[in-house]
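Below you'll find the structure, written out as structure tokens, and then a few comments.
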Amino acid sequence: MDLTHCPQASLPEFAFIGRSNVGKSTLLNRIAEKRDLARVSDTPGFTKTINFFTLNRRLRLVDLPGYGFAKASQEERTRYAEMIEDYLLKRQAMECVFVLVDSSIPPQAVDLDFVQWIGRASRPFAIVFTKADKAKGNKAVTHVEQFMAALSEWFEDLPQIFTTSAKSQQGVRELQQLIEDATTQAEASNGHSR
């Protein structure tokens, strides 16, 4: 799907992206408070298009294909990358992109590379550390600290971060609040037209 096939950019949009199998669909369902909004799959790389979910006719949650999916062909990976880049760089309605990072494992180069890219592109973003409940002991905290330490070498001002668990709902309310506040602000400054 390219931008010409996307819905009219008439509502504030909040995009979600991350490595395949990072828990994106589950988190989207928690934020929307709809169990089957985004299809949850055990198959990495399941999301292959840009999916838009309109909530209360006020905003859209946007489910972007995952990056770093090794089993996809080079041609597919290139197509996904172009589609994602097109959306993230050109979509006027996008208020924020949430970059999902699995906190149950050590920092991955593909995640750090993507965050560095989105930072260089000067697009608004926040980092959402997922699966906080899956790591043993303090491992999740350690992984988050390691990730942010790596980012501090590239960013003067570090992005806002959230630590979440779809199981315990940790961090979900804070994400909902950020989305609500940004939507209200967009409505106040732009109305519903862009």
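The values are calculated or read from the model by the stated rules, or taken from the named source; none is laboratory data. Worth saying up front: this structure is predicted, and the values here are computed from it rather than measured. Cβ placement follows ideal geometry from the backbone for every residue including glycine, while neighbour counts extend to all protein chains displayed.
Here region 12-64 is the region considered, the condition is being modelled with pLDDT of 90 or more and touching a Pro at 6+ places or on another chain (Cβ under 6 Å), and the residue that is surrounded by the most Cβ atoms within 10 Å (Cβ to Cβ) is 59. Residue count for region 100-137 under the criterion of being buried (at least 20 other Cβ atoms within 10 Å of the Cβ) and of a type in the set (S, T, N, Q): the result is 2. If you scan region 162-181, which residues turn out to be exposed (fewer than 13 other Cβ atoms within 10 Å of the Cβ) and touching a residue at least 60 places away in the same chain (Cβ under 8 Å)? Once the filter is applied, which keeps residues that are exposed (fewer than 13 other Cβ atoms within 10 Å of the Cβ) and touching a residue at least 60 places away in the same chain (Cβ under 8 Å), region 162-181 yields only 169.
Is there a residue in region 80-99 that is surrounded by 20 or more Cβ atoms within 10 Å (Cβ to Cβ), farther than 21 Å from residue 8 by Cα, touching a His at 6+ places or on another chain (Cβ under 9 Å) and at pLDDT 95 or above? The answer is no; no qualifying residue exists.
Which of the residues that make up region 20-37 are in a loop (DSSP other than H, G, I, E, B), free of Cβ contacts under 8 Å to residues at least 40 places away in the same chain and aliphatic (A, V, I, L, M)? Steps first, please.
Initially, region 20-37 is screened for residues in a loop (DSSP other than H, G, I, E, B), giving 20-23, 33-37.
Narrowing further to those that are free of Cβ contacts under 8 Å to residues at least 40 places away in the same chain: 33-37.
Scanning region 20-37 gives a single hit, 37.
Of the set (1) free of Cβ contacts under 8 Å to residues at least 24 places away in the same chain; (2) in contact with a Leu (Cβ under 7 Å, 6 or more places away or on another chain), all apply to residue 113 but (2).
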